[in-house]
Amino acid sequence: MKAEEDLQEFYQLEEEYWKQKFGMRWFTDGRKRKLQLNEIIDDPGVLFKESNDIGEAAVEVFEQQFKEITFNYDYTMIDCIPKLITTEQQENMNRTPMEKEVRGAVFSLNSDSPCGPYGYSGIFFNVVGKLSRRIF
């Protein structure tokens, strides 16, 4: 009995939540309706009233919407774009930075800069860098 009362109370709380959340009329007038499609018209204009036909029409719409369309791209125009970096520069961009480069970047951080995405400011890295240099 207590469980049923609790359940009813939670149902009422849920209804209040949704009333506040969406302010929908169908909550206030007491008529709750589920989404039900009685009929549907497809792109050519054919009307479907049977539930099986409605389901098949819906599946066809989504199949057409998400069907992969293949294109033949012509990439010859890419050759007209001038190359701004050399192959050597591109390889340097993909290599792991040397310790000397990382140290230079860390120590060049502004100590008064605002915190980065992880909450550490430039002064943090400067202090940690100096401490690690003393330790190692």
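The values are calculated or read from the model by the stated rules, or taken from the named source; none is laboratory data. Treat the numbers as computed from the prediction; the structure is a model and nothing was measured. Please note: Cβ atoms are built from the backbone with ideal geometry, for glycine as well, and neighbour counts cover all protein chains shown.
Values computed for the structure shown
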| item | result |
| --- | --- |
| Residues within segment 93-116 that are surrounded by 10 or more Cβ atoms within 10 Å (Cβ to Cβ) and over 30 Å from V127 (Cβ atoms), tallied | 0 |
| Any hit, segment 78-97, residues being hydrophobic (A, V, I, L, M, F, W, C), part of a helix (DSSP H, G or I), at pLDDT 80 or above and closer than 30 Å to K130 by Cα | yes |
